[in-house]
Amino acid sequence: MSDDLNAMAVFVAVAEARGFRAAGERLGVSASAVSQTLRKLEGRLGVVLLQRTTRSVHLTAAGERLYAAVRPALEDVRAAVAAVGELSDAPRGTIRLLIGTTADPVLARLPLADFLASHPHVRLDVVVSDAVVDIVAAGFDAGIQLGEVIDRDMVAVPVTGDIRMTVVGSPAYLARRGTPQHPRDLVEHECLNWHPVPEAPAYRWEFTEAGREVAVAAPGRVLSTDSAVNIRLARDGLGLTIVYEDQVRDELARGELVAVLTEFCEPFAGYYLYYPQRRHASPALRALIDHLRGARDAARGRQPGGRTPTREKPAGRAARPRGR
């Protein structure tokens, strides 16, 4: 019975990860061990569950049928294990987190090390990716992302304060080309722009004027998938770029970059930890939520005039430049 349950868990992991190596990384075993387990399961059932090629793995009709039946049952088992875990004196187990690359500048400020030190029986399995993923299907417990891009059927808990975009250029560039006074002036400037993937259109720079959103199709001298490239080129005097304020805080302090159009760059809701409404948060995940929320509230308490934390996820907007 235990072999069958383990094989079913391996099968579901392969079906969701679409590969033996990725499933093995999720389960903490080798790709060859995953493949061997699946062969034995197929042998016992007498059917082929997976179509294997050198580059991908796909479910057969029998595999699709088995996956549809087994996945909800495994979810029930995981929920039962989590419920039993609540009887323990301390949270324990692994929390699988999906974190968008846009969160990179913020991750350094999240007290994850403090959390792990306070909860020695909890492990973190962190995947940083911009891929559009169903966190339930992919086996994640939760994710951390900008509130504006989180699906509305998720429970979203704020874990950072407000953040801000800023337009920056070097002193040499501004001396040569002048300082824009309004977002519409950007059409007269060299702009270093961003897009999330090569197939995506260039980011439309977003501003706020008199309470209204203003989006500008900035003329791109450079188009990059990594805003760190744009920051380096802006520092070298090639043009203006728009990034998270946190990404260039040191450059601004040293005078290597200068912020412009600041009156049109209002703060907006930051990062949220999110998880499915239909899934009960495990004791370990609940402990992480409480820890991040407490750290956020403490940080806001140290900031005079800080706004009251919101529990509501803001409406969706365009994706914003990421940092590496």
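The values are calculated or read from the model by the stated rules, or taken from the named source; none is laboratory data. Source: prediction; values computed, not measured. Every residue, glycine as well, gets a Cβ built from its backbone with ideal geometry; the counts of neighbours run over all protein chains shown. Surface accessibility is based on the protein's heavy atoms, side chains included, excluding ligands, DNA and RNA. Shrake-Rupley method; radii C 1.70, N 1.55, O 1.52, S 1.80 Å.
What to note about this one:
- Note on segment 1-85: Cα convex hull, mean projected area over all directions, 5.6 nm².
- Simple spin-label estimate for LEU124 and SER32 in nanometres, 7 Å along Cα-Cβ: 3.3
- The length gained by stretching the chain between ASP134 and ALA200 to full extension, at 0.36 nm per residue less their Cα-Cα distance, is 21.7 nm.
- Between VAL155 and TYR275, GLN277, the built amide H atoms are under 5 Å apart, and every one of these is 5 or more places off in sequence or on another chain.
- Label-to-label distance for SER56 and ALA253 is 4.8 nm, based on points extended 7 Å past Cα in the beta-carbon direction.
- By the Kirkwood approach, averaging reciprocal distances over each pair of separate Cα atoms, segment 107-209 gets a hydrodynamic radius of 18.2 Å.
- Solvent exposure, largest accessible area first (probe 1.4 Å, DNA, RNA and ligands not counted), of THR53, THR94: THR53, THR94
- Note on VAL187 and THR208: with the Förster distance fixed at 22 Å, the Cβ-Cβ geometry gives a FRET efficiency of about 0.70.
- Shape analysis of segment 165-266 yields a ratio of the Cα radius of gyration to the Kirkwood radius, Rg/Rh, of 0.93.
- The loop-placed trypsin sites (Lys or Arg not before Pro) in segment 1-58, going by DSSP, that have at most 10 neighbouring Cβ atoms within 10 Å of their Cβ come out as ARG55.
- When the charge dipole of segment 231-278 is built from unit charges on Cβ atoms (+1 for Lys and Arg, -1 for Asp and Glu) and taken about the Cα centre, the candidate among GLN247, TYR271, LEU261 whose Cα reaches farthest toward its positive end is TYR271.
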